[in-house]
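First comes the structure, then the notes that go with it.
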Amino acid sequence: MAGPAQPPRITVKVQQQDFDVGQLQAALLSGAAAEGAVTTFTGYVRRDNESRAVEVLELEHYPGMTEASIEAIALQAATRWPLLAASVVHRVGALSPGDQIVWVGVASTHREAAFSACEFIMDYLKTRAPFWKKEYCEGSEHWVSARRSDSARADRWKQG
Amino acid sequence: MAGPAQPPRITVKVQQQDFDVGQLQAALLSGAAAEGAVTTFTGYVRRDNESRAVEVLELEHYPGMTEASIEAIALQAATRWPLLAASVVHRVGALSPGDQIVWVGVASTHREAAFSACEFIMDYLKTRAPFWKKEYCEGSEHWVSARRSDSARADRWKQG
Amino acid sequence: MLKVLFFARVREQLGCASLDYDWPEGGLDLDALQARLCAERGDSWCEVLGQDNIIRAVNQVVAMDNRVLCDGDEVAFFPPVTGG
Amino acid sequence: MLKVLFFARVREQLGCASLDYDWPEGGLDLDALQARLCAERGDSWCEVLGQDNIIRAVNQVVAMDNRVLCDGDEVAFFPPVTGG
């Protein structure tokens, strides 16, 4: 017998430490075998970014606002799609090529909701969440500038 | 200096044993820090399916055709989106609620390709790959019938 | 000789997972094979193989339409798939 | 008093991560705060805060337009974000 719908379990963490995608995915599950689908996204530091050889990528955030705004976007995703759980981990500090930067996991009964919500949250993280990347390449450093295609991508959700 | 594009690494497995999503994701990476994005999908056996309490889900496949057809669809995905790697593991045999059924992982430089290809491969697995599910519920058993919405979903890729 | 395979509900309804079908003089196409199985094996086979959502594959590729078979081909009959 | 924060390239260009701004008699809105910082801190601040892609947030919410501030508010200036 199905009770009233539970609110989705939302967790957001901004941290320096690395994370274990297997553990994060396990923590997303309720243990009640209600989930039919989990979609995850993991972002990594690429060695080559627009033909520059990246040595170190440094990530800065706005403590407090970053966490709160990601939580707000996850809750918004839960009003658009029937989600059971959503979890976001985003690293800050100095990262190296190959390092994990961000993980987004979404659990739902069906895959359509899991895919759409995961992509929606990622688009937000790329375009609206207050994070900034600085690249260190061959002795010089520079702030990464926003990709225009990312903004266009986030805008398309407004028409949804 | 970028060499000629490498063909994407594609692996497909149909197996009875459970799998470890963390290990599968690690195996998807080349070690060259070329990947910027990995998208994964994990399907689970739900306890309740259309208000039936599922005790056991049995999965049958067409040995040979199943593996070959999944590999073909992963290669097709790689012609539509720039992929670095794609991996599919699908379980067969008797599964219980909460068990993992299927895992699809896709690595790319950018997230758009990773999301689209992962969803594309999953839609194929749901609608075209030769797998059949049989549910055992409260003393009775029956074959799961195809969801019409799944076919409609796969069809939309034809217009892509 | 043809190798003929049946899967899932079709396999259960026929009580048969696979059979070897002697290659007939004059050859055979997919529709003809299906008609012969029906004629030779009786009403219950007719009923099962006559279901309009039956999918047919030749050499592990789904055949949307009728097609000519060759000696040694592998033919499969199965219901709509439900994977993932 | 207002707490004013600067992030990323803006922080580096100003050489300042945060400052406390005394709450003036008669109050203040966001545009006025920006103009005062510019007038009081000199050309280099004018230049940095005058960049047309600067984003402003009040109490950790992005402010698309000018808005009235209250004593105790937290105001932030930062460049376009590049997360994920």
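Every read-out reported here was derived from the displayed coordinates using simple, explicitly stated rules and does not represent laboratory data. This structure is a prediction, so every number in the text was calculated from the model and none was measured. Neighbour counts are summed over all protein chains in view; Cβ atoms, including those assigned to glycine, are modelled from backbone coordinates with ideal geometry.
Grab the residue from chain A whose Cβ hugs the A-to-B rotation axis most tightly, plus its distance in whole angstrom.
Whole-Å result, nearest residue of chain A to the axis: A:Gly22, 1.
Using all Cα-Cα distances in the range D:2-78, what percent lands in each 5 angstrom bin from 0 up to the longest?
3, 15, 31, 30, 17, 4, 0
Based on the Cα coordinates of chain B, what is the per residue volume of their convex hull in Å³?
Values: hull volume 18.4 nm³, N = 160.
Measuring per residue, one finds 115 Å³ for the Cα hull of chain B.
DSSP beta bridges in chain D, what fraction antiparallel, as a percent rounded to 5? It would help to have the intermediate numbers written out before the result.
On the way: 11 of 15 bridges.
Restricted to chain D, the bridges split so that about 75 percent are antiparallel.
For the range B:9-159, give the share of DSSP beta bridges that are antiparallel, in percent and rounded to the nearest 5; count only bridges with both residues there.
Working: 30 of 37 bridges.
The answer is about 80 percent antiparallel.
With chain A treated as a Gaussian network of Cα nodes joined by springs under 10 Å, which of A:Arg147, A:Arg46, A:Arg128 yields the largest mean-square fluctuation?
Answer for the Gaussian network model of chain A: A:Arg147.
Binned at 10 Å from 0, what are the whole-percent values of the Cα-Cα distance distribution for the protein assembly as shown, short to long?
4, 17, 24, 20, 15, 10, 6, 3, 2, 0, 0
Taking the protein assembly as shown as a whole, which cysteines find no other cysteine Cβ under 4.7 angstrom from their Cβ?
Taking the Cβ cut-off of 4.7 Å, the unpaired cysteines of the protein assembly as shown are A:Cys118, A:Cys137, B:Cys118, B:Cys137, C:Cys16, C:Cys70, D:Cys16, D:Cys70.
Enumerate lysine pairs in the range A:9-159 that are 8 or more residues apart or on different chains, then count those whose Cα atoms are under 20 Å apart. Could the numbers behind the result be given before it?
Values: A:Lys13/A:Lys126; A:Lys13/A:Lys133; A:Lys126/A:Lys134; A:Lys126/A:Lys158.
Going through the range A:9-159 pair by pair, I get 4.
For a footprinting-style exposure proxy, rank B:Ser30, A:Ser108 by other Cβ within 10 Å, fewest first.
Details: B:Ser30 13, A:Ser108 26.
Lowest to highest Cβ neighbour count: B:Ser30, A:Ser108.
For C:Arg36 and C:Ala17, calculate 0.36 nm times their separation in residues minus their Cα-Cα distance, and state this gained length in nm to one decimal. List each step's numbers first, then the result.
Numbers: separation 19, 0.36 × 19 = 6.84 nm, distance 1.76 nm.
Computed gain between C:Arg36 and C:Ala17 is 5.1 nm.
Among DSSP bridges having both ends in the protein assembly as shown, what percentage is antiparallel? Round to the nearest 5.
Details: 89 of 111 bridges.
Of all bridge pairs located within the protein assembly as shown, approximately 80 percent are antiparallel.
Hey, in the GNM for chain B with a 10 angstrom Cα cutoff, which one of B:Gly98, B:Gly43, B:Gly139 fluctuates hardest?
Ranking B:Gly98, B:Gly43, B:Gly139 by mean-square fluctuation puts B:Gly139 first.
In peptide A:66-76, what is the residue-averaged number of other protein chain Cβ atoms found within 10 Å of each Cβ? Present the calculation step by step, with values, prior to reporting the outcome.
Values: counts 3, 1, 2, 5, 1, 0, 1, 0, 0, 0, 0.
Going residue by residue through A:66-76 and averaging, the value is 1.
If you average the sequence gap of Cα pairs under 8 Å that are 6 or more apart and divide by the length of chain B, what percent do you get for the contact order? Intermediate results must be reported in sequence, preceding the final value.
On the way: 284 pairs, mean separation 50.4, N = 160.
For chain B, the relative contact order is 31 percent.
Under the definition of partner shielding as Cβ atoms of other protein chains within 10 Å of a residue Cβ, what is the mean value for peptide A:27-38?
Working: counts 0, 1, 3, 1, 1, 5, 10, 6, 7, 10, 8, 8.
Neighbouring Cβ atoms belonging to other protein chains average 5 per residue here.
Of A:Trp143, A:Trp103, A:Trp132, which is the most mobile in a GNM of chain A whose springs link Cα atoms less than 10 angstrom apart?
Maximum among the listed residues: A:Trp143.
Return the average number of partner chain Cβ atoms within 10 angstrom of each residue Cβ along peptide A:119-127. Provide the component values of the computation, followed by the final result.
Numbers: counts 8, 0, 1, 8, 4, 2, 4, 5, 5.
Rounded to a whole number, the mean comes out at 4.
Name the shape class, rounded, prolate or oblate, that the alpha-carbon gyration tensor gives for the range B:1-95, where a ≥ b ≥ c are the square roots of its eigenvalues, rounded holds for a/c under 1.5, and otherwise prolate holds if a/b is larger than b/c and oblate otherwise.
Numbers: a/c = 2.57, a/b = 1.97, b/c = 1.31.
Cα axes put the range B:1-95 in the prolate bin.
Considering only the other residues whose Cβ falls under 11 Å of the Cβ of A:Glu55, what net charge follows from Lys and Arg at +1 and Asp and Glu at -1? Provide the component values of the computation, followed by the final result.
Working: positive: A:Arg47, A:Arg52; negative: A:Glu58, A:Glu135, A:Glu138, A:Glu141.
Summing Lys and Arg as +1 and Asp and Glu as -1 gives -2.
If we count every other residue with Cβ under 12 angstrom of D:Leu5's Cβ, Lys/Arg +1 and Asp/Glu -1, where does the sum land? Spell out each step's value before the answer.
Values: positive: D:Lys3, D:Arg11, D:Arg56; negative: A:Glu60, D:Asp20, D:Asp73, D:Glu74.
Once positives and negatives cancel, what remains is -1.
Among A:Glu119, A:Glu71, what is the fewest-to-most ranking by other Cβ atoms within 10 Å? Working shown, then result.
Values: A:Glu119 25, A:Glu71 15.
Ascending number of Cβ neighbours within 10 Å: A:Glu71, A:Glu119.
Under 13 Å from the Cβ of D:Cys70, count the other residues' Cβ atoms, weight Lys and Arg +1, Asp and Glu -1, and hand me the total.
Values: positive: D:Lys3, D:Arg67; negative: D:Asp29, D:Asp71, D:Asp73, D:Glu74.
Once all neighbours under 13 Å are counted, the net charge is -2.
As an exercise, use a Förster radius of 30 Å and the Cβ-Cβ distance of B:Asp18 and A:Arg148 to find the FRET efficiency, rounded to the nearest 0.05. Walk me through the numbers before you get to the answer.
On the way: r = 44 Å, r/R0 = 1.45.
So, using R0 = 30 Å, E works out to roughly 0.10.
What ranking do B:82-91, C:64-73 get when scored by the average of other Cβ atoms within 10 Å per residue, highest first? Working shown, then result.
Working: B:82-91: 23.3, C:64-73: 12.3.
Top of the packing list down: B:82-91, C:64-73.
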